[in-house]
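Step one of this worksheet: look at the structure below.
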Amino acid sequence: MGRPEDIRQAIIDYGSKGAKTKFYFKDMMIGVKKTIPDAGASEIKNVASQMVREEVLELLSTGSSTMYGLKGRGISVEKSGDEGGE
C-alpha cells in the first residue's frame, strides 16, 4: 500500500517527464508502480481523481477513452474544446 502523498508525487513525476503530455490511466499506473510497487490500482485512481478535483491533473476525452495530463502541460482542455470529462 502506497501513501497518498508518495503516489501523488509519482503521478506528477510521471506526467512531467517524457515526450507525451497526455497519458492513459493504465500507462500512468505502470509508471507509478515503477516507483511504488505496492501501490494498488484503486489507490492510484483515488489519488488521480483527487488531483483532477484540485485541478492539478486534467482529463481529456478522446471520444472512446479518457486521458490524463498535468494542467498547463501540452494542449489544455480549454484549447482542445473538450469538456474535461464533466
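The values are calculated or read from the model by the stated rules, or taken from the named source; none is laboratory data. Just so it is clear, the structure is predicted and the values come from calculations on it, not from any experiment. Note: accessible area is taken over every heavy atom of the protein model, side chains too, but ligands, DNA and RNA are not part of it. Shrake-Rupley method; radii C 1.70, N 1.55, O 1.52, S 1.80 Å.
Working with all protein chains in place, sort 61, 42 by solvent-accessible area computed with a 1.4 Å probe, largest first.
Correct descending sequence by accessible area is 42, 61.
Using a 1.4 Å probe and counting only protein heavy atoms, arrange 24, 68, 14 so the residue with the most accessible area comes first.
Descending accessible area places them as 24, 14, 68.
Under 18 Å from the Cα of residue 17, which lysines turn up, not counting those fewer than eight places away in the same chain?
26, 33, 34, 71
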